[in-house]
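First up is the structure itself, then whatever we jot down about it.
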Amino acid sequence: MAFSEKISRLRAYYKLHGLTGTLHRFSLATRRTLFSSRMVLFYCDLAAERETFELPESLQLERKAKENDLKPEDLRDLISFWNPKLAGRRIKERFAQGASLWIVKCEGRLAGFGWTLQGRTVEPHYFFLGTDDLHLFDFHVFPQYRGRRLNPLLVNYILSTMAAECRGRAFIEAAEWNVPQLASLRRTPFHQLGSARKFTFFRHAIVCFSENKIVEQQPEGQGKGSCALPTKNDENRPSVLRLNH
């Protein structure tokens, strides 16, 4: 995340929560950075996912491929919950990169959402994805709808739907401090690989894996102890330098 974007987010948070709330948030973010900075990595085989869904009448699941597919009220809800300017720009950028937005509605109102991108990732990732692999990222359920297991429902629906489109693997990650999200992913077909830390410098990522079993599950040609660099055929992917231990 660019420094200017961090400042913009901080200003927006200050306007919403005041000085006390901002200081509390800063303290929480600092503790997480110092003591819970790892990401827990998950994967599953899309070819195995063929589950059919019977949704309650009060819920709707939708996939959006471009911004114009969104209803005005849904777009408003998407950008208003943290920083409208940055959220709107991020939505445009992700659609431009070919990402899909998946939303879950409860009685017609937006309750949560998540993003997917096939064959690559928006930011430098922990390892390269194959052209038939899928990355799931940035899932969020609005506070008033939490506790209804909407997040695993949305994830399972995405996996089932995408199994008919690509036959690779699906990847997702969650911060180790995010206990609700970790519990949610255990209600899905995802399997835990391990955990890792990532440091990004000018679109190059240095990744420190915490468990060797992650390395065993890496794509072919990127095994234990290797430094994986993009080839000429990886021009559409982030440049990643991996250091395993």
Search result, residues across the range 88-106 that are assigned to a helix (DSSP H, G or I), in contact with a helix residue (DSSP H, G or I) (Cβ under 7 Å, 6 or more places away or on another chain) and farther than 19 Å from Leu136 by Cβ: Gly88, Lys92
Verdict on Leu153 being within 20 Å of His191 (Cβ to Cβ) and in contact with a Pro (Cβ under 8 Å, 6 or more places away or on another chain): no
Condition met for Thr121 (assigned to a loop (DSSP other than H, G, I, E, B), crowded, with 16+ Cβ neighbours inside 10 Å and either of a type in the set (Ser, Thr, Tyr) or out of contact with any strand residue (DSSP E or B) (no Cβ under 9 Å at 6 or more places or on another chain) (or both)): yes
Enumeration of residues in the range 93-110 that are of a type outside the set (S, T, N, Q), without any contact (Cβ under 8 Å) to a residue 40 or more places away in the chain and closer than 26 Å to Met39 by Cβ: Glu93, Arg94, Phe95, Ala96, Gly98, Ala99, Leu101
Which numbered condition Arg89 misses (of (1) under 14 Å from the mean Cα position of the chain (by Cα); (2) of a type in the set (Lys, Arg); (3) surrounded by fewer than 18 Cβ atoms within 10 Å (Cβ to Cβ)): (1)
Residue within the range 99-106 that is over 21 Å from Lys66 (Cβ atoms) and surrounded by fewer than 21 Cβ atoms within 10 Å (Cβ to Cβ) present: yes
Neighbours by Cβ (under 7 Å, 6+ apart or cross-chain): first from the range 53-74, polar (S, T, N, Q); second assigned to a loop (DSSP other than H, G, I, E, B): Ser58/Glu107
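Every number here is computed from the coordinates shown, using simple stated rules; none is lab data. These numbers were taken from a predicted model, which means no experiment stands behind them. So basically every Cβ, Gly included, is an ideal-geometry build from the backbone, and we count neighbours across all protein chains shown.
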